[in-house]
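The values are calculated or read from the model by the stated rules, or taken from the named source; none is laboratory data. The shown structure was predicted, so the numbers you read here are calculated from the model rather than taken from an experiment. A quick note on method: Cβ atoms are made from the backbone with ideal geometry, for glycine too, and the neighbour counts reach across all protein chains shown.
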């Protein structure tokens, strides 16, 4: 793994089982979960909070791999062409606001869609430039791409985004530093908790709220398909729905946060969109749920927390 | 990825996150979904259309890999020996016409089968020469193989085929150009929509109808098995049937197209053939369904569309 | 892929899509399904035949990979220590004879077990030397190992085996030639049919009966586990049971053969052995089933067939 | 595979199918299952014994791979932050003592947790230094790391651990020798039986009790997720629960041992923790179950056995 800030003159550190304690302690503490920001109450006495996030990657996962074959590109295009209209209609029908994470190149390819999402009242958030993997980039490149992505979403959405999620949740050793430079309110890439927490950088609180995603609550885990790898969608949508519902029920029981990640080109299909619709109805039937954007939740948790 | 038409003297373009906008825009627009050809009505007031397609690959997937071991060849042979008779009997019993996609080498190995399929009233369509991957071929080879495959099916079926599907749905940067040279009515390889659309080449309409397949509606996703890879069939046939049915129900609700892809050597087994039979009965019970070949659907959609 | 009998001076044959017809025709015809040997009747008017086969690989799959770590070896040992007693007890309780395929090294490591299996009235059959992959061996080595394996089972079982199954069902281009030299009655490695057929070598009938296995009817597909690959057992035993039962029901409906492959170290576990037991009871409840060894079935099919 | 004790001057031994009998016999016998230690009775006339084990790997699987990306580290951190409190609460609620296997580095990162686990009355056991793979280490390194791990747990838990499990169950050719040097009571890495047995080294009894785990009874098989491999959690928690319950029911029927392996960062999630809770309740409802630590079970089995 690359660590672009490390000293090129440093001693070779050997195999992990040979490391000095200093090495693994630094790795662990570089971008770590600090104090919990799980609030003692949610707005209006709600029982729990629900954050729905959509990663509108569209064509960018194919582009990121330099895959110029039209097949994967068409799969991504499906997300914009059929997935997004179904998702936006479902959210409008249910009166729920969500957060849409856009790689900059996906936003440039679908500018009208991005504007319409913002006009619907949803939140726009940063999700890399072209779905690049951060851990493969030098610091300068990651920083430059992040700033350009922020500017673009500001331009398209009419206000600067306040949150970010690393593409492929591939958070590098530099990502937290760059997020501080960007002045972001929250990240949503790291998974040390079910509920919000404050990120620490080398042991120091950063003031940045982590809204933890989890593979368990991500449709790509169950529905991804890559022809020339062994990834296959081999779970019934109803079984995926059961897992998402169990995670929500746990959050409801614990007065916590339920954060779900969906992809338009995956969940947007005719056989799957019902998972989203039925899930929202289940949550409403359960009652006392605060549906909110990631931004709203981060703001609430930060304001409810005692001063650090 | 290869791009055989690119200028060998061009500048190196770097990593995807370094690309100029021109590069990714050209990749995206090379063979892209244009206007929708979803018709406002189906023949005889049908509620939706159903296109059943069978990829009769037989021995060719083993040959394509230069695998001369008799084991995989025998698995392919099963498709011709047991799968095809069961499928043809089921289609005859239900009075449904379908489309059979033949790699040329599979057709040459099973000429009587191909003639019998045509005599049954089914459509024959192009599916590569020996199940080769188009993205690994130079333009001249892909073109030559496509023309020879077309001639062979013309010879065996008594009329030239009008449609094509890329083997492994591996559509190259040259495939659309070659399809125009072949004068085809339709392709069925790209997946930007549930319903038919017109393919565009570098932003220009081609007049070629795309009938979109999807991995979700393909039995190989769930039933493929490769001994020395991690591909295993790990879904119950009933669960696969549920997914296919949910996709159909969505098409029925939206007055759209339900296009299904099956492989004789996979679906043709005793424990799986019932999926096809029960699915047809479910669709008939739902009612008002137009079962048609890919060609019939492409012709209808093209004729119903307003002039471009 | 190796072809040890090919002329080393031959011309390079190029990529599969460049091949002359002669090349792929020879590959297909080398060891191919000939005439069907599905009989018009089974003994005593039985509705269908059932062949249960157990591949007693035990420690040999680890040894074959030169894996000297005690972990995988212990997994194989489990097959002998716990799997075999449960299987033998179930078969005795139900009064069913089966066929046990032994790699020679597994038989040498567990000689008493082999003798006891033979004494139970079960059939012993050849299953390689050390679970080697035939397609990676030169002809001389494959021939030598096959003859030595035959001698050993003759020695331990008191009579020469008459059947063989290639380890990993990895049938080489030489396997059929060697089986003719061994004078075998049947093979059980190739999968071109559900029912027995005669194997042809380069288009010539060999007199050898093929009793086709299938991955669908093999517990290793669903239950295999390899720590440092992506192979994981991810199906409920009850779902596997459903698939096996559907395959049996199809054979029963078609008056055909149901051939099942199980592994003591996989099916022999507490949570899985019930699959075998319930399956036998289901078949008995269905009624009119001829349970027989592979040898008995091959003999019947050959004797019932019209002279070639 | 490495064998650090082998003579570097020895002859090359060739491919496995070329080996002399001596070679594979030595491999099989190096660390093998000896006499069964399944007792004729359990304490207080219990019907069966249940050993619950938790591998508290936390951040060490990422560290072991030299993966300094904060994402995987955060997944491990989740085990300590959310998984452990849920597990400890469930065990306390049910009044069940269990065994916690700690890599030394995980214990050093979470010293308070380790002390609290010991104070709860649970057993601490060795589980490598940093989750290193033993089969990749020279003998001296494996020995040194094992002794240091033992000292650390002694220091934190107030008494020396008496048992060990190899990380990734990756038992090397030297592990058993080192366990004898450590004077351990039991190992829990090898899988030749459902019930306890005595380990033999080159055919000689060692006095060390093996408490066999199995992948079937390990949550990581079903719930592991690695973004850049094909590992995905694709089973419903309820299906995993069914498998665990079937294994327990088998143990109960046979008066045997049910040994379960769980990971705080996997089972500890809101949608999965119920598997543990419902399983314990099922076992209690079935009745006459002895819940014990691995140590207690090893001691019982050893004391009940006839002198070797």
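Annotations for the structure displayed:
- Filter pass, residue D:69 being crowded, with 24+ Cβ neighbours inside 10 Å, at the interface with another protein chain (Cβ under 10 Å from one of its Cβ atoms) and at pLDDT below 95: yes
- Test: residue in the range B:110-121 that is more than 26 Å from residue C:194 (Cα to Cα) and without any contact (Cβ under 8 Å) to a residue 12 or more places away in the chain: yes
- The residues of the range A:238-254 that are in contact with a strand residue (DSSP E or B) (Cβ under 6 Å, 6 or more places away or on another chain) and more than 7 Å from every other protein chain (Cβ to nearest Cβ), listed by number, are A:248, A:252.
Residues are listed down the side, and each one gets a yes or a no for (1) farther than 20 Å from residue B:53 by Cα; (2) within 16 Å of the chain's Cα centre (by Cα); (3) surrounded by fewer than 23 Cβ atoms within 10 Å (Cβ to Cβ); (4) modelled with pLDDT of 95 or more:
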{"residue": "B:101", "(1), (2), (3), (4)": "no, yes, no, yes"}
{"residue": "B:111", "(1), (2), (3), (4)": "no, no, yes, yes"}
{"residue": "B:115", "(1), (2), (3), (4)": "no, no, yes, yes"}
{"residue": "B:118", "(1), (2), (3), (4)": "no, no, yes, yes"}
{"residue": "B:123", "(1), (2), (3), (4)": "no, yes, no, yes"}
{"residue": "B:132", "(1), (2), (3), (4)": "no, yes, no, yes"}
{"residue": "B:138", "(1), (2), (3), (4)": "yes, no, yes, yes"}
{"residue": "B:151", "(1), (2), (3), (4)": "yes, no, yes, yes"}
{"residue": "B:158", "(1), (2), (3), (4)": "no, no, yes, yes"}
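- Residue check, residue B:83 surrounded by 23 or more Cβ atoms within 10 Å (Cβ to Cβ) and within 22 Å of the chain's Cα centre (by Cα): yes
- Some residue of the range C:81-101 being within 9 Å of chain D (Cβ to nearest Cβ) and either in contact (Cβ under 8 Å) with a residue 60 or more places away in the chain or part of a loop (DSSP other than H, G, I, E, B) (or both): yes
- Total residues in the range B:152-179, condition more than 14 Å from chain A (Cβ to nearest Cβ) and touching a residue at least 12 places away in the same chain (Cβ under 8 Å): 8
- Any chance residue B:25 is within 22 Å of the chain's Cα centre (by Cα) and at pLDDT 95 or above: no
- Selection of first residues in the range A:12-36 that are more than 9 Å from chain D (Cβ to nearest Cβ) and in contact (Cβ under 8 Å) with a residue 60 or more places away in the chain and of second residues that are surrounded by 14 or more Cβ atoms within 10 Å (Cβ to Cβ) and assigned to a strand (DSSP E or B), restricted to Cβ pairs under 6 Å at least 6 apart or on distinct chains, gives the following pairs, ordered by first then second residue: A:34/A:198; A:34/A:200; A:35/A:198.
- Among residues of the range A:169-183 being within 14 Å of the chain's Cα centre (by Cα) and in a loop (DSSP other than H, G, I, E, B), the one that is nearest to residue A:217 (Cα to Cα) is A:170.
- Residues of the range D:288-308 classified as within 25 Å of residue D:93 (Cβ to Cβ) and under 17 Å from the mean Cα position of the chain (by Cα), total: 7
- Sole exception among (1) within 25 Å of residue D:238 (Cα to Cα); (2) in contact with a helix residue (DSSP H, G or I) (Cβ under 9 Å, 6 or more places away or on another chain) for residue A:264, by number: (1)
- For residue D:193, the conditions (1) assigned to a strand (DSSP E or B); (2) under 24 Å from residue C:267 (Cα atoms) are fulfilled apart from (1).
- Among the residues making up the range B:262-276, a single one is more than 17 Å from the chain's Cα centre (by Cα), more than 9 Å from chain C (Cβ to nearest Cβ) and over 19 Å from residue B:50 (Cβ atoms): B:268.
- Scope the range C:102-120; condition part of a helix (DSSP H, G or I) and out of contact with any strand residue (DSSP E or B) (no Cβ under 7 Å at 6 or more places or on another chain); matching residues: C:104, C:105, C:106, C:107, C:108, C:109, C:111, C:112, C:113, C:115, C:116, C:119
- Any chance residue A:256 is crowded, with 17+ Cβ neighbours inside 10 Å and more than 30 Å from residue A:225 (Cα to Cα): yes
- The range A:221-232: number of residues that are more than 8 Å from every other protein chain (Cβ to nearest Cβ) and surrounded by 22 or more Cβ atoms within 10 Å (Cβ to Cβ): 1
- Conditions (1) under 21 Å from residue A:125 (Cβ atoms); (2) more than 14 Å from chain B (Cβ to nearest Cβ); (3) buried (at least 20 other Cβ atoms within 10 Å of the Cβ): number failed by residue A:289: (1)
- The single condition among (1) part of a loop (DSSP other than H, G, I, E, B); (2) touching a helix residue (DSSP H, G or I) at 6+ places or on another chain (Cβ under 6 Å); (3) buried (at least 16 other Cβ atoms within 10 Å of the Cβ) that residue B:38 does not meet is (2).
- Filter result for the condition that a residue is crowded, with 24+ Cβ neighbours inside 10 Å, within 14 Å of another protein chain (Cβ to nearest Cβ), under 27 Å from residue C:244 (Cα atoms) and in contact with a strand residue (DSSP E or B) (Cβ under 8 Å, 6 or more places away or on another chain), over C:77, C:58: C:77
One line per residue, one yes/no per condition, for (1) more than 30 Å from residue A:256 (Cα to Cα); (2) at pLDDT 95 or above:
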site: D:217; (1), (2): yes, yes
site: D:237; (1), (2): no, yes
site: D:248; (1), (2): yes, yes
site: D:260; (1), (2): no, yes
site: D:306; (1), (2): yes, no
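- Index of the failed condition, residue C:44 passing every other in (1) at positive phi; (2) in contact with a strand residue (DSSP E or B) (Cβ under 9 Å, 6 or more places away or on another chain); (3) at the interface with chain D (Cβ under 9 Å from one of its Cβ atoms): (3)
- Within the range D:43-80, the residues that satisfy the criterion of being more than 27 Å from residue A:199 (Cβ to Cβ) and in a helix (DSSP H, G or I) are D:43, D:44, D:45.
- Scan the range B:134-151 for residues that are more than 9 Å from chain C (Cβ to nearest Cβ) and not in a helix (DSSP H, G or I) and the total you get is 1.
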